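A.B. asks: Here's a structure for you.
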Amino acid sequence: MSYKIYQVNEALREFVPREIIDLEEKATWGNPKRGVMDLPYAKELIEEHSLCAGCPESMAFRYILASLPNPEDTIIVNSTGCTSLVFPHIALHTVHSLFGNQNAVASGIKRVLEWRFPEKVKDVVVLAGDGATVDIGLDCTLQSFFRQEKITTICFDNEVYANTGGQESGSTVKGHVFKMAPKGKQFEKVPMWQLAIDAGCHYVARLTVSSPKRVEQVVKKAIYVAREVGPTYIHLYTPCILEIGLNSDDGLEESRARDKERFAFFEYATPEAQEVINRKKEEGLL
Amino acid sequence: MTQVSTEKVIYNRAGQRVVSPNYLLFEAPRTKHFMTGSEAVKEAVKRSSVDASVSYPITPQSEAAHLIGELWVEGYVGVYFRGESEFGVMSEIAGCAMAGARCITTTSGPGTLRAMENFPMWAGTRIPVQLVLMARGINSPLSIQPDNLEVSFLLDTGCMIWYAENAQDLFDMIIAGFVVAEKPEVHVPLITVVDGFFVSHTREAVMLPPDDIALPPYDPYKAPMPVIDAEVPPGRFLRDPFVMKSNYISYATHASWQFEVRAAIERSRPYAKHYLRGLIEEFGDPEAEIVFVACGTAAAQSKEAVRLLEDEGIKAKVVKLKTIRPFPVEELVNATKNAKTIFVPEFNVVGWLEREVRRYLYKRSDADIIGTPRVAGGMTMPPEVIVKEVLKILGKEVKHVI
C-alpha cells in the first residue's frame, strides 16, 4: 500500500513538522468511501492555500482532494496559472512542467505506470485552469481524449487569465471586457464540455462548486470511469472574484447564481461509463 | 569436478540477458552488418532495455521512430505511441520519464524548434531522456535537407549534447548515452545528434554485439528526484511554494538549480570519457600545424581532406568532437597545441561550432581560427572543397583539386 510512504520515520519524528505527522495520523488513506463529509474531521491533503481570500478555486481544491477515492495512489498533473501556486501545498505526487502540456505529461505518466505496475490502480488526474485547458493546451487536451488516455481532466474555469492580471480567455463570455479584449470579447465562450464529448470522453460534467457533495460525486464518477473505460472531463466554475469585482465572501453566491444559467449542472456518460457508475453505486462507492 | 557458477543470470522484460555496460560496449563479440543510421538506432534501442518511446513523423527521423515502434510490437520496448506534435511528444516522454521509465525519442529540424520549450524543462526536471536528433534545415524557406543549425539553439538548454559521426558512432553512443545520463550524479537529458540523411539514410558497415544481451534496466529509485509513481514520498510537499514567490530565497533557489543542472553536465565527463573512449578523436598527423575541429559528417569529410592534403605534401589532422556539452575543452587545448591554423568546417550558416571553439580556446591557443568551409541548406561538403579552402588560405596554388 503506497500510503506507507506517508509514515514518518520514527528516528526523525521529533523533528518532523506537525502537519506531516497529521498526514500520517489523521488523513484518510486506504478508504475509497472518503469524501467531503470528512473535511471537518480529517487532515486535508492540501496544506493551507496560496490563493486569494475567498477564492472559489480553493473550495474546488479542497473538495476534489477530499473526494479522491485512492489518494495514496493518485498522481496530480497541473499547469501554469493560479492553480500552480497551490500544488506545492498538496501532499500527493504532483507535477508542474509547462503551460498547456498537462494532458501530454499525464498521458506519459499514466501509460508508464500501467506498464510498471500492472497489478496496481494508479489514478492520474489533471487539474488546470481554462487558459491551460481550453487555449494554449487545447491541442494536448483534445488529443489525449482522442487517444483514449485513461486520465481524468478537471478544468478550473474562472473565465479569465487571472494569474497574469485579468486577460480575456477562450472561456470568457462574449462581450465581457477584460484586458486584451478592450472592446469586449468578440466571440462566444468555448463550450469545452461539448468538445470533450465530441473528442471521446466517456464521462463529462459541468458544474459550479456550490455543492460540495455534488463535486464529490462527479469527481468519483470521473475517476472510476477513467480507470476502466477512458478519458473523463469535469468543467468546474471557479470564478475569479477579484477580476469580476466581487468581495471575498461573494464566491458562493456567484456560483449559485451561475448554477441557474451557463453553469447549470450538466452530466454526460457513455453506456460503458454508465455501467461502471451503476456498479460502483451497487458497491456503495458512489 | 563441476564448476558452480556464483553469478546469477538476470533477464530483462524482453527476455534478453542483462550484461554490464562495459561488456555490451567493449567486450561482447561483434559481427559486421550493413545498415542505415536509422537501423542502427533500432539496433541500439533493442539492446538498451528501453521502457518507453513516443514518436512523431518528420523527415529524416521518421524511419528511426518507425523502427522503435517495431521493437515495441516485438516486446523490446514497453510503451510506444504517436504523439500529436513534437511539443506534445516531448511532454509525453517527459511524463514517461517522471514515472520512472528509460526513454528515447527522435526528432529533426522544425520538430526540434516546435518542441523547444520542453528541453530546459527536461533538464530542470532532471530526467535522463535521450533524444536522437537527426539534424535537418529549419524554416524558412522550407527545407528537409541536412543542416545542423538547430543544434545552436540547443546548446544552452541544460541538456548534454553528443555528436555522432556515423552509424557505428550512433549505435555505440545511444547505448553509452543511457548509461552516462542515468548516473545519479548526472541524471540530465542527452541529445545525441547525427546529421540527417548523411547518416540516417546512408548504409554502412556497423559492428554489432549479439541481440540477446542488453543493458541493465533503469532503476528509477536511484534518481536524484523522486519518481512520480506514488511509491516514494512526494518531493514537492513543501510548506511554501518558494520557487514561485518574489523573494530572495526563491531567486537563489532558481539560480542554484540552474547551476546544478550545468554542474551535473560537468560531472558526466569521466563517464563519457570512459564509455565513448574519450571526448574527442584525433585523426592524421599528431604534430600537424593545420587542424580541423569538427563534429559529425564534417569530421568525416575533414578526414578525407587530410588524406588529400597529404598527397599535396601538407600535414594536417582532425580533432573530432564527440561531445559538445560538456565541451571537451582540455582535450581540445591539448590536441591543438601545435596548431597554427584551425579550420572549423560546418553544415550550418551561423558557424556555431566556430563560436564554441573560439570561446574555449580564447587565450589558450595562438592559432588562427577560421570558420570555413561552411555549407548549408543541404549542400554537401566534398573533401576537395575543404582542401581548396585550406590551399587558398595558405596561399598555395590550387591545382589538383576541383
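A.B. asks: Hand me the GluC sites (Glu not before Pro) from region A:192-286 located in a DSSP loop with no more than 12 other Cβ atoms within 10 Å, in residue order please.
C.D. replies: Here the GluC sites (Glu not before Pro) that fit, given the DSSP loop and packing criteria, are A:Glu261, A:Glu283.
A.B. asks: Okay, moving on. Nearest 500 deg cm²/dmol is fine: what mean residue ellipticity at 222 nm does chain A get from its DSSP H runs of n ≥ 4 alone, each adding -39,500 (n - 2.57), divided by its residue count?
C.D. replies: -9500 deg cm²/dmol
A.B. asks: Using the alpha-carbon centroid of each, what span in Å lies between region A:40-55 and region A:117-140?
C.D. replies: Cα centroid to Cα centroid, the span is 22 Å.
A.B. asks: Let me ask something else about it. Just tell me how shielded B:52-58 is by partners: mean number of partner chain Cβ atoms within 10 Å of each residue's Cβ, no decimals.
C.D. replies: Mean partner shielding for this stretch: 1.
A.B. asks: In terms of modelled amide H atoms, which long-range or inter-chain residues lie less than 5 Å from the amide H of B:Val206?
C.D. replies: When sequence neighbours closer than 5 places are left aside, the close amide H contacts are B:His33, B:Phe34, B:Met35.
A.B. asks: Which whole-Hz couplings ³J(HN,Hα) result when phi for each residue of region A:11-24 is put into the Karplus expression 6.51 cos²θ - 1.76 cosθ + 1.60, θ = phi - 60°, listed in order with x for Gly and Pro?
C.D. replies: Result, rounded to whole Hz: 5, 9, 3, 5, 9, 7, x, 3, 5, 7, 5, 4, 4, 6.
A.B. asks: How shielded is A:113-125 by partner chains, expressed as the average number of their Cβ atoms within 10 Å of its Cβ atoms?
C.D. replies: Average per residue, whole number: 4.
A.B. asks: A follow-up question, please. What average number of partner chain Cβ atoms lie no more than 10 Å from the Cβ of the residues making up B:99-106?
C.D. replies: 4
A.B. asks: Moving on to the next point. Among B:316-327, B:219-230, how do they line up from the highest to the lowest mean number of other beta-carbon atoms within 10 Å?
C.D. replies: B:316-327, B:219-230
A.B. asks: Sticking with this one: For region A:32-45, in order, what is each residue's ³J(HN,Hα) by Karplus, 6.51 cos²θ - 1.76 cosθ + 1.60 with θ = phi - 60°, in whole Hz (x at glycine and Pro)?
C.D. replies: For region A:32-45, the Karplus-derived couplings read x, 8, 4, x, 5, 5, 6, 3, x, 10, 9, 5, 7, 7 Hz, x marking Gly and Pro.
A.B. asks: In the structure shown, do any of B:Lys322/B:Lys363; A:Lys110/A:Lys174; B:Lys337/B:Lys388; A:Lys122/A:Lys189; B:Lys317/B:Lys363 have a Cα-Cα gap over 27 Å, and if so which?
C.D. replies: A:Lys110/A:Lys174; A:Lys122/A:Lys189
A.B. asks: In what sequence do A:Tyr224, A:Tyr63 fall when counting other Cβ within 10 Å, fewest first?
C.D. replies: A:Tyr63, A:Tyr224
A.B. asks: If you line up the long axis of helix B:62-73 against the longest principal axis of chain B, both from Cα atoms, how many degrees apart are they, to the nearest 10?
C.D. replies: The answer is roughly 30 degrees.
A.B. asks: Which GluC sites (Glu not before Pro) from region A:52-135 combine a DSSP loop assignment with at most 16 other Cβ atoms within 10 Å?
C.D. replies: Here the sparse-neighbourhood loop sites are A:Glu119.
A.B. asks: Could you line up A:Met192, B:Met90 from fewest to most neighbouring Cβ atoms inside 10 Å?
C.D. replies: Fewest-to-most ranking of A:Met192, B:Met90: A:Met192, B:Met90.
A.B. asks: Check the straight Cα-Cα distances from B:Lys222 and name the lysines below 18 Å, setting aside those fewer than 8 residues away within the same chain.
C.D. replies: Leaving aside lysines fewer than 8 places away in the same chain, those within reach of B:Lys222 are B:Lys183.
A.B. asks: Based on alpha-carbon centroids, what's the gap between region B:198-226 and region B:310-346 in Å, whole number please?
C.D. replies: Result: 28 Å between the Cα centres.
A.B. asks: For the peptides A:170-183, A:125-138, what is the packing order when you average, over each peptide's residues, the other Cβ atoms within 10 Å and list the highest mean first?
C.D. replies: A:125-138, A:170-183
A.B. asks: Right, another one. What trypsin sites (Lys or Arg not before Pro) in region B:6-72 are in a loop by DSSP, with at most 10 other Cβ atoms within 10 Å of the Cβ?
C.D. replies: Sites meeting the loop and neighbour criteria: B:Lys8.
A.B. asks: Also, quick follow-up: I want the antiparallel fraction of DSSP beta bridges within region B:224-331, as a percent rounded to 5.
C.D. replies: Of all bridge pairs located within region B:224-331, approximately 50 percent are antiparallel.
A.B. asks: Related question: Out of A:Asn163, A:Gln148, A:Leu252, whose Cα points farthest toward the positive end of the dipole of region A:52-282 (charges: +1 Lys, Arg; -1 Asp, Glu; placed on Cβ)?
C.D. replies: With unit charges placed on the Cβ atoms, the residue in question is A:Gln148.
A.B. asks: Could you tell me the distance between the Cα centroids of region A:188-221 and region B:92-164, to the nearest Å?
C.D. replies: What the calculation gives is 36 Å, centre to centre.
A.B. asks: How far, in degrees from 0 to 90, does helix B:297-311 lean away from the longest principal axis of the Cα atoms of chain B, to the nearest 10?
C.D. replies: 30
A.B. asks: Something else: Find the all-direction average of the projected area of the Cα convex hull for region A:52-282, expressing the result in square nanometres with one decimal place.
C.D. replies: 11.9
Just so you know, all these numbers are worked out from the coordinates, no wet-lab data involved. Since the model is a prediction, treat every value here as computed from it, not as a measurement. Ideal geometry is used to build each Cβ from the backbone, glycine not excepted, and the neighbour counts take in all protein chains shown.
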